[in-house]
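Read the structure below first, then the notes.
Every read-out reported here was derived from the displayed coordinates using simple, explicitly stated rules and does not represent laboratory data. Worth saying up front: this structure is predicted, and the values here are computed from it rather than measured. Neighbour counts are summed over all protein chains in view; Cβ atoms, including those assigned to glycine, are modelled from backbone coordinates with ideal geometry.
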Amino acid sequence: MTGRVPAVAVGVTVLAALAAVPAQAAGREHTGPRAQRPHAPQWRLEDGGTPDVRFRGLSAVSRTTAWVAGTGGTVLRTTDGGASWRNVSPAGAATLEFRDVEAFDARRAVALAVGEGEASRVYRTDDGGVTWTESFRNTDARAFYDCLAFFDHRHGLAMSDPVDGRFRALSTSDGGRSWKVLPDRGMPAAQPGEAGFAASGQCLATAGPRDAWLATGGGARARVLHSSDRGLTWRATDAPVPAGDPAKGVFALAFRDRTHGLAVGGDYRPGQASPNASATTSDGGRTWRPSAAPPPAYRSGAAWLPHTRAGALAVGPTGTDLTLDGGRTWRTLDTGSYDTVDCAWDGGCWASGEKGRIARLED
């Protein structure tokens, strides 16, 4: 309990300051230590030294520690709030594309490389990225792993696009050191063309010790699949976001507990409209309701603001949006391009995306 009070204060302070941001402040970024700092929180761009890398994988450990993972087999880590970044990429991974990373602390992390067949791999480090162990390599040419998530430091799942008409779940019970394919008899049949989107590492979300949700798109209907037994059985529910095209669906999920969740997505093609591209649930994903005022465009990532009941962020190539009412209404906070966003227990929020962009929310 002694460590919780400051964290709660941080979350409430950030939420209160974000609520005070006027609409005309959207789009501004603090780009360096000598730039004039506005009073309201905003993204501060950090220089990771990798301008050619797209970082779709992100894990916020705290206000000072974060991991990002992206193209060219690149993994970076900071332990000083983004002032410096260490390249901790796995040896021999330059041809791989990392789309997800889940970090337990400054030393332990699990990274997912995506792609067909053997391009889908999982790596784990226990020494801050000095060394990595390849703990899984996909040998099924039909499988394509999109994202992974953990319930705790030991139990986690990774998800693949459908194989033989059903999504495939990969399970670990030792923190990602070993993996096994789960039986698919508890998985509902996939729609024609249905798949997951490896856009932000957030097509799979967890809350509590056993609940997981999987976001889908590409089919006639966008859906969210829910499991309450760590991936053994699943139930599918339609989500009211754009669908009916390979480029449309739910791209990211965020749950603040076992019942309250957000879904964001739309049409990822540049210039295409994405109306009604966000939804909410208050019953663990059994039903989804469209947002009354959704983000204005496609969004690929979402995260709840820590220690708040109604504050969350959504990001995409055209901006960052804020909700203060649990996802019912959104307003644009920033117009910079980001693929993913994550917030840590102590109120530290980070975002990353194309052209090496990494940012931390500052107040």
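Label-to-label distance for A119 and S337 is 2.0 nm, based on points extended 7 Å past Cα in the beta-carbon direction. Once the C-beta distance of R107 and D140 is scaled by a Förster radius of 30 Å, the resulting FRET efficiency is 0.40 to the nearest 0.05.
Exposure proxy for W345, W330, W67: other Cβ atoms within 10 Å of each Cβ, ordered fewest to most, give W345, W330, W67. The range 209-253 and the range 70-144 have Cα centres spaced 25 Å apart.
Evaluating 6.51 cos²θ - 1.76 cosθ + 1.60 at θ = phi - 60° for every residue in the range 169-179, the Karplus couplings come out as 10, 10, 10, 10, 10, 10, x, x, 6, 8, 9 Hz, glycine and proline recorded as x. Positive end of the dipole of the range 40-362 (Cβ unit charges, origin at the Cα centre): among P183, A93, A60, the Cα lying farthest that way belongs to P183. The length gained by stretching the chain between A83 and D245 to full extension, at 0.36 nm per residue less their Cα-Cα distance, is 54.2 nm.
Using the Cβ-Cβ distance between R309 and V181 with R0 set to 56 Å, the FRET efficiency from 1/(1 + (r/R0)^6) comes to roughly 0.90. Which is the longest stretch in the chain that no exposed loop site breaks, taking sites as trypsin sites (Lys or Arg not before Pro) with a DSSP loop state and at most 14 other Cβ atoms within 10 Å? The longest such stretch corresponds to 35-141.
Charges were assigned to the Cβ only: +1 to each Lys and Arg, -1 to each Asp and Glu. The resulting dipole of the chain about its Cα centre is roughly 460 debye. A straight chain from R154 to T95 at 0.36 nm per residue would run longer than the Cα-Cα distance by 18.4 nm.
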